[in-house]
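Data block below; observations after.
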Amino acid sequence: EKIPLEKKPDFVRRMSDRHFGIGGDGVIFVNPSSLADFEMEMYNADGTRAEMCGNGIRCVAKFVYDKGLTDKTEITVESFGQVKYLRLFTENGRVKQVRVDMGEPVLRAEEIPVVCDGEQAVAEAIEVEGRSYEMTCVSMGNPHFVTFVEDVATAPVEKVGRVIEHSSYFPERVNVEFVEIVDDNHVKFRVWERGSGETLACGTGACAVAYTAITLGKAGRRDQFLTVEAVGGPLQLNYRSDGHMMMKGPAVTVYEGEMEIPDNILK
């Protein structure tokens, strides 16, 4: 049954609520596309539309292949009018890994958007909750604030992330990544996602983290894979010399089921 566009935010809020069902960090609708093989229509848990979701797009790839909607191992997926190119790695007829060309990081402040003095916000000091943070702002189709901490486990992700998300610096709000350098080839991060709160992983956030770590000389290097580890597990990120960010990671089916859509959502 087709859910009317104006009812989708309410539907997503209901489905994402972990107190009244399985819940989740958001909901993705897989639609036909005139630009690509499929369209990914992504909503955050609070019902707001998301321009892009790096973990979500890998889940879309697994869904369309495993469900027989495509038999191709190289597909295109549209999200918010932007097309991404995906390579599917299969095992016994099921997708196990997906590599996504996430495109080029966007650095211009007005395109992210972030309000700052210069054309870019790179390693710029700001004060939040009485403490100074060094922010680098990147868009991977959605806005990210990346900062480095000594110990990601004790970082004040909820307290500070919530304040930064709603800060006047970010007219369209922002995702916030707290990053710890493990070694030259490995970083860890926790993420406060715009519209969802702290989540276990964020694919576009991992891209923003990799870009920032590499370009600031903190970890990794161009044309080599850097392990970027969220609470939910690691991704492999390769910031290529052509400016494109390649993301490779798993896609796993956790459960399947049916749900009843309330009548007032369909009317």
remark   = Once amide hydrogens are built 1.01 Å from N within the peptide plane, the residues lying 5 or more places from Ala230 or on another chain with amide H under 5 Å from its amide H are Phe189, Leu235
ask   = Any idea what angle helix 203-215 forms with the longest principal axis of the chain, computed on alpha-carbon atoms, 0 to 90 degrees, nearest 10?
value = 30 degrees
Distance between segment 215-244 and segment 1-45 - C-alpha centres, whole angstrom = 29 Å
Ranked packing of 112-121, 171-180, most packed first, by mean Cβ within 10 Å = 171-180, 112-121
remark   = From highest to lowest solvent-accessible area (probe 1.4 Å; ligands, DNA and RNA excluded), Cys207, Cys53, Cys59 read Cys59, Cys53, Cys207
ask   = Do any chymotrypsin sites (Phe, Trp or Tyr not before Pro) in segment 196-267 lie in a DSSP loop with no more than 13 other beta carbon atoms within 10 Å, and if so, which?
value = Tyr255
ask   = So how far, in whole Å, is the C-alpha centre of segment 141-180 from the one of segment 46-81?
value = 26 Å
inquiry  = Considering only protein heavy atoms and a probe of 1.4 Å, how much of the accessible area of segment 74-225 is carbon and sulfur, as a whole percent?
reply    = 41 percent
key: 10 Å-binned pair-distance histogram of the chain (Cα, whole percent)   = 7, 30, 36, 21, 6, 0
task = Sequence neighbours fewer than 8 away in the same chain don't count; with that in mind, list the aspartates and glutamates whose C-alpha is under 13 Å from Lys67.
result = Glu256
remark   = Between the residues Gly68, Thr136, Ile261, the Cα farthest towards the positive end of the dipole of the chain, that dipole coming from +1 and -1 charges on the beta-carbon of Lys, Arg, Asp and Glu, is from Gly68
note = Ranked output for segments 60-71, 10-21 by mean other Cβ atoms within 10 Å, highest leading, reads 60-71, 10-21
key: Residue-normalised accessible area of segment 57-169, expressed per residue, 1.4 Å probe, Å²   = 51 Å²
Cα centre as origin, Lys/Arg/Asp/Glu Cβ charges: the chain dipole, Debye = 560 debye
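The values are calculated or read from the model by the stated rules, or taken from the named source; none is laboratory data. It should be emphasised that the depicted structure is a prediction, and the values quoted were computed from it without experimental measurement. Because the Cβ atoms are built from the backbone with ideal geometry, glycine has one as well, and the counts that use them run over all protein chains shown. Note: areas computed on protein heavy atoms with side chains; ligands, DNA, RNA excluded. Shrake-Rupley method; radii C 1.70, N 1.55, O 1.52, S 1.80 Å.
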